[in-house]
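Here the structure comes first, spelled out in C-alpha cells, and everything after it is commentary.
Just so you know, all these numbers are worked out from the coordinates, no wet-lab data involved. Everything numeric in this text was worked out from a predicted model, so none of it was measured. Counting neighbours? That spans all protein chains shown, and the Cβs are built from the backbone with ideal geometry, glycine included.
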Amino acid sequence: MTTDTAPGIPVTGAGADAALFERRGHVAVVTLNRPGALNAVNSALATAAGAALERAENDPDVRVVVVTGAGRAFCAGADLREIASGNRVDAPEHPDWGFAGLVQHWVAKPTVAAVNGFALGGGTEIVLACDLAVMDETAALGLPEVRRGLFAAAGGVIRLQRQIPLKIALEIALAGESVPAARALELGLVNLVAPAGTALAVALDLAERIAANAPLAVQASKRVVHRTYSAGSDWDDAVWRVNAEAAREVFGSRDAREGARAFAEKRQPRWEGR
C-alpha cells in the first residue's frame, strides 16, 4: 500500500497537531490527536480535524476518509475543562463545520469511523455523522449529556432516531447509559465489530473495498441515499428527480464506459473519477 505522507503528518497551522492527516493509497486517515485528553474536543482539534476533512475532500486521489482516535479513546466528547473556563470548542473560523469540525461538515466522499476506544457524547455524535462505522469489541458508545445537565446537541438527538428504532434511541438519549460494541452492532449503529486493537485495520479494509469502486458512482450513491432518506414514498417524483440527476452524471461519465470496457476485456477497471 502506498502512502504519500509520513504517518501522522499534522495539518498545517497553529494547533494543527491536534488532528493528523495521512493518505494510504486512495484512503485518507484523519486521526483525532489529543490522547492525553482522551481526544476531547477543543478549538484546536475542531479546527485541525475540519481542515483535514477539507484536505481529503479536495484531494482527487482520496476516495474514502477514515476517522479514528489516537491512544486508547476515539473521542471523549467536548473538553469540559475548556467549557468550564469559558473557552469555545468549535473551529472559530468555521462554525458551519459543527462539533469537532466534523458533524455538520458534508463531504462527497464516504466517511468511515474507526472507533478504536470509547466514544461518548460528542464521540458518538462523530460516529453518527460518519457514513459507516467499525468498532473495537472493547469500545462503547453513549450519550451521557443528560447526566451533566446537557443534551446531545451536536447531532446526537437528531441522528440517533434516524439510524435505530425510536424507542431505543430515546432510551439511549434519556438514560445516558453506555452501549457496548455487541449491542451497537445488533442495533445497526455500526457495520462491523473488530477484535480488540484492530478497529483501524478493519476500517481500512472496508474503506479500501469501497475505494476500489468508481469514485463518481460511489459519491453519487452516497448523495442520493442521503438526499432521499427522509423523503416520502419511493413513488414520489421528487426522489426520482434526485436519482435522475445523479444518473445523468454517472452514466455519461468516462468511468461508466471504462467499467463496461473492462468487463468485456476481463480486466480490472482503471478509474479516472470523471
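A few comments on the model shown:
- Cα gyration tensor, segment 43-90 - rounded (a/c under 1.5), prolate or oblate: oblate
- Within segment 43-104, GluC sites (Glu not before Pro) in DSSP loop having at most 13 other beta-carbon neighbours inside 10 Å: GLU93
- Panel values: the chain, Kirkwood radius from alpha carbon pairs, Stokes-Einstein at 4 °C and 1.567 mPa s, translational diffusion coefficient 67 µm²/s.
- J(HN,Hα) series, segment 161-177, from Karplus relation 6.51 cos²θ - 1.76 cosθ + 1.60, nearest Hz, glycine and proline x: 6, 7, 10, 9, x, 4, 5, 5, 4, 5, 4, 5, 6, 8, 7, x, 8
- Exposed-site-free run, longest, the chain (rule: chymotrypsin sites (Phe, Trp or Tyr not before Pro); DSSP loop; at most 10 other C-beta within 10 Å): 1-228
- Equivalent-ellipsoid semi-axes of segment 215-264, from the Cα gyration tensor, Å, largest first: 25, 10, 8
- Net charge over other residues, Cβ less than 14 angstrom from the Cβ of PHE74 (K, R count +1; D, E count -1): -1
- Only beta bridges with both residues in segment 9-211 are counted; by DSSP, about 30 percent of them are antiparallel.
- ASP17-ALA238 pseudo-label distance in nm [points 7 Å out on the Cα-to-Cβ vector]: 4.9 nm
- Taking every alpha-carbon pair in segment 14-104 and binning the separations at 5 Å intervals from zero gives 3, 17, 25, 25, 17, 8, 3, 1, 0 percent.
- Amide H contacts of ARG63 (H built 1.01 Å from N, in plane; Pro and chain starts excluded): VAL27, ALA28 sit under 5 Å, all sequence-distant by 5 or more or on other chains.
- Placing dummy labels 7 Å off each Cα toward the beta-carbon, the span from LYS167 to SER230 is 2.5 nm.
- Between 0 and 90°, nearest 10: helix 199-211 axis offset from the chain longest Cα axis: 30 degrees
- With each label modelled as a point 7 angstrom along the Cα→C-beta vector, the ARG147-ARG209 pair spans 3.4 nm.
- For peptides 158-170, 206-218, sequence by mean Cβ density within 10 Å, most packed first: 206-218, 158-170
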